[in-house]
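What follows is one structure encoded as structure tokens, with my remarks underneath.
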Amino acid sequence: MNESMKSGIRHSNPIRNTWTRDEITALYNKPLMDLIFEAALVHRAWHDGSEVQMSTLLSVKTGGCPEDCSYCPQAARYQTDVKGTPLVNVAEIVSSAMEAKEAGSSRFCMGAAWREVKDNVHFDRIVDAVKQVNALGMEVCCTLGMLSKDQADRLKEAGLHSYNHNLDTSPEYYDKVIGTRTYQDRLNTLDHVREAGLNVCCGGIVGMGEESKDRVGLLHTLATLPQHPESVPINTLVAVKGTPLQNQEKLPFWEMLRTIAVARLVMPGSMVRLSAGRTDLSVAEQALCFMAGANSIFTGDKLLTTPNPEFQSDAAMFALLGLTPRPAHKPQPHLDQVPA
Ligand code: SAM
Ligand code: DTB
Ligand code: SF4
């Protein structure tokens, strides 16, 4: 009997949202080599293993956020070095998107330090930017905080591809990190995004002092949503001076790798994004993440406010590992094949 048969995971297993916490815990605790081997098999059954999407982030409105997310350098209540800026104008957004496309990015994500979207001229400006970036042929993503169904509809109509809204951690650990909105608030926004027919981008952050059961809890919530998110960003905490998590001890790399591998196993058709925290990873560590199922990174020397590896070093990593950038709008497996 080979390793994947022993575990009950077959690499052709259908997508399902009936995962139990016990099943996910058992995967998470497998011997590491077995876990990444199985995740690699599943990854290659569902995706082109040599393809990694390059996505670009732009902070369109930085800092001054009223929320209290304890990891976030953009929360107004924490004294960080982030310089707040008003909403960027559309021409600047479009020129950044063109530059990103030129550099090989197929996805452009605009982030705003808002608690929620308000129906005002600022939102009109975002809608306009979405239209123009979509016209460049890129996958357009936004992360703007909480969103109503009507606002999600407007974004969909403008050509938005995906909406990013993270659950961040397990339902149990959530209120140790965020007090100004609830897990249910986040789930409600995800419902609005889904109902509008947008793709859902939803993941979390590891290394905030949570335990492995919380990483399992996050993956369990994601994998048991009515439909899996098309995109699952796994961020490692970037501990920023001035935030409550500034002195948080670093999570061992192996825990992050396990999180990626289990995300791949339980949500086989989704894009798994190796997101914040790459500046602390060697090329060898990132290669293990790609082997275990990560198939997207953010490129460009800045995330929203924190540093990211230099574009040239990522280009060298792609060449070394034989990776190719994924083209925009490549069809993804259908994620609604949940068996009864
Ligand atoms: N304000 C919106 C919101 O919170 O949904 C959108 C922007 S917010 C900065 C987007 C995501 O970035 C957060 O949900 C969180 O997962 C991630 N993030 C923020 N600060 C981070 C940090 N220091 N380390 C890792 N991820 C972080
Ligand atoms: C996500 O999950 N990670 C990206 C994107 N979605 C918007 C943001 C990471 C932000 C890291 C902290 C910063 O640069 O401010
Ligand atoms: Fe505001 Fe988003 Fe940062 Fe939370 S994560 S403080 S909502 S910008």
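Miscellaneous remarks
- Helices (runs of 4 or more DSSP H) (entirely within the range 160-273) containing at least 2 residues that are without any contact (Cβ under 8 Å) to a residue 60 or more places away in the chain and over 26 Å from Met33 (Cβ atoms): 174-177, 183-195
- Restricting attention to the range 20-63 and to residues that are touching a strand residue (DSSP E or B) at 6+ places or on another chain (Cβ under 9 Å) and assigned to a loop (DSSP other than H, G, I, E, B), the residue that is nearest to ligand 2 (Cβ to nearest atom) turns out to be Gly63.
- Criterion applied to Gly63, Gly111 was being within 13 Å of ligand 3 (Cβ to nearest atom), open to solvent by less than 20 Å² (accessible area, probe 1.4 Å), within 19 Å of the chain's Cα centre (by Cα) and small (Gly, Ala, Ser), and the one residue passing it is Gly111.
- Those residues of the range 149-181 which are of a type in the set (S, T, N, Q), within 20 Å of the chain's Cα centre (by Cα) and within 13 Å of ligand 3 (Cβ to nearest atom), in sequence order: Asn164, Asn166, Thr169
- None of Ser55, Ser106 is open to solvent by less than 20 Å² (accessible area, probe 1.4 Å), within 16 Å of ligand 1 (Cβ to nearest atom) and within 16 Å of Thr299 (Cβ to Cβ) except Ser55.
- Single unsatisfied condition, Leu155 versus (1) surrounded by fewer than 20 Cβ atoms within 10 Å (Cβ to Cβ); (2) closer than 23 Å to Arg273 by Cα; (3) more than 13 Å from ligand 1 (Cβ to nearest atom); (4) of a type outside the set (Phe, Trp, Tyr): (1)
- Selection within the range 114-142 - open to solvent by less than 30 Å² (accessible area, probe 1.4 Å) and within 16 Å of Gly64 (Cα to Cα): Val117
The values are calculated or read from the model by the stated rules, or taken from the named source; none is laboratory data. Since this is a predicted model, take the numbers as computed values, not measurements. FYI the Cβ positions are ideal-geometry reconstructions off the backbone, even for glycines, and counts take in every protein chain you see. Remember, those area values only see protein heavy atoms, side chains included, never the ligands or the DNA or RNA. Shrake-Rupley method; radii C 1.70, N 1.55, O 1.52, S 1.80 Å.
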